[in-house]
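Q: Sharing a structure, written as structure tokens. Questions coming.
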Amino acid sequence: MCQTCNGTGGLAIEHSWGIQFEPCPDTNCDFEVDNSDLERLQAWLDEQKRRESA
């Protein structure tokens with residue numbers, strides 16, 4: 001696990017106006033993005049689009 005971001009993939013920086021997320025600056029960060037939710041959502045959207053055009 002990355003010691004810089006603690007395995008989150010980035011740093012959450014608190015400001016008076018809100019929270020800013022910056023990607024981990026460590027070049028040795030071993031965080032891997034899990035896109036399975038995005039892929040599932042895209043498949044569902046594609047299916048909906050296909051049904052509408054049928």
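Q: May I ask you to say which residue of 22, 39, 14, 52 is out of contact with any strand residue (DSSP E or B) (no Cβ under 6 Å at 6 or more places or on another chain), surrounded by 10 or more Cβ atoms within 10 Å (Cβ to Cβ) and outside any loop (DSSP other than H, G, I, E, B)?
A: On inspection, the qualifying residue turns out to be 39.
Q: Which pairs have Cβ atoms under 8 Å, sit 6 or more apart or on different chains, and link a residue in segment 1-21 that is of a type in the set (Phe, Trp, Tyr) to one that is surrounded by 13 or more Cβ atoms within 10 Å (Cβ to Cβ)?
A: Sorted first by the residue in segment 1-21, then by its partner, the pairs are 21/10; 21/11.
Q: While we're looking at this one, here's another question. For segment 5-31, what are the residues that are modelled with pLDDT under 95 and of a type in the set (Val, Ile, Thr)?
A: Those that are modelled with pLDDT under 95 and of a type in the set (Val, Ile, Thr): 8, 27.
The values are calculated or read from the model by the stated rules, or taken from the named source; none is laboratory data. All values reported here derive from a predicted model rather than from experimental measurement. Cβ atoms come from the backbone with ideal geometry, glycine included; neighbour counts cover every protein chain shown.
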